[in-house]
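Everything below concerns the one structure shown next.
The values are calculated or read from the model by the stated rules, or taken from the named source; none is laboratory data. The structure presented is a predicted model; accordingly, all values stated were derived computationally and were not measured. Cβ placement follows ideal geometry from the backbone for every residue including glycine, while neighbour counts extend to all protein chains displayed. To get the accessible areas, we keep the full protein, side chains included, count just its heavy atoms, and leave off ligands, DNA and RNA. Shrake-Rupley method; radii C 1.70, N 1.55, O 1.52, S 1.80 Å.
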Amino acid sequence: MVDAWGVTDIDSYLQAHCTPADDVLRDLAAETTALFPDAAGMQVSPDEGRLLTMLVQLTGAAFAVEVGVFTGYSALCIARGLPGGGRLLACDVSEEWTALARKYWQRAGVEHRIDLRIAPAIETLTALPAEPHIDFVFVDADKTGYPQYYETLVPRLRPGGLMVLDNVLQDGRVLNPERPGHFAVAQLNETVLHDDRVESVMLAVRDGVTLIRKR
């Protein structure tokens, strides 16, 4: 069954069987919806946020990069998975959205782990050292930029490092792309599949998540 908000019974069951979000994350999600109702759908869901925290912990990541911050839910989840002394480089172009992010990072006690850069992400990424040094990457930004972000980040990802790409299904539109963003994501999905530098698995988590491990 699907309720009035489009939430299915299995969605509710799934959420009920994940470690729940705490008050900080719930309040951030609620304030994001209240302040930015037209954009709130860009925020990751609680189960995906929990997945990000766990992946960071499982990989032992100490230096992470996020492309696309919005109001900071996913960055907060990534930062919580980092060890003491770990750092997250967070890339976004919006002062307005990330002002809310900063508020909740401070409340969660992780603001000291996050280096927020307000600039076109590709400028921030290309300025990073060229050698492999990144442990973990999460990309959830403008879809037309995905191929360029990928090609910039893969050489900088350490062997055994993990990249997570969000929205790789585009609500199913990768099957019949209509817009530039759909084409870009569909193109990148094929690139990842045939890239000998990495191994990958695409998961049917929300709008599709691909886990990419550097060989």
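Estimated from helical segments only, the mean residue ellipticity of the chain at 222 nm is -12000 deg cm²/dmol, where each DSSP H run of four or more residues counts as -39500 (n - 2.57).
Sequence-ordered 3J(HN,Hα) estimates for region 169-185 from the Karplus curve with 6.51, -1.76 and 1.60 and θ = phi - 60° stand at 9, 6, 6, x, 6, 5, 6, 9, x, 10, 10, x, x, 4, 4, 5, 5 Hz, glycine and proline given as x.
Rolling a 1.4 Å probe over the protein heavy atoms gives the chain an accessible area of 49 Å² per residue. For R87, the amide hydrogen comes within under 5 Å of the amide hydrogens of F63, A64, counting only partners 5 or more places away or on other chains and with H modelled in the peptide plane. When the solvent-accessible area of region 1-102 is split by element, carbon and sulfur atoms take up 61 percent of it, the probe being 1.4 Å. Solvent-accessible area of region 118-215 (1.4 angstrom probe, protein heavy atoms only): carbon and sulfur portion equals 53 percent.
Of the beta bridges in the chain, as assigned by DSSP with both residues counted there, near 40 percent are antiparallel.
Using 15 Å as the cut-off for backbone N distance, which residues of region 15-43 belong to the label zone defined by a point 7 Å from the Cα of R107 along Cα→Cβ? Once the point is set 7 Å along Cα→Cβ of R107, 21-36 turn out to lie under 15 Å by backbone N, inside region 15-43.
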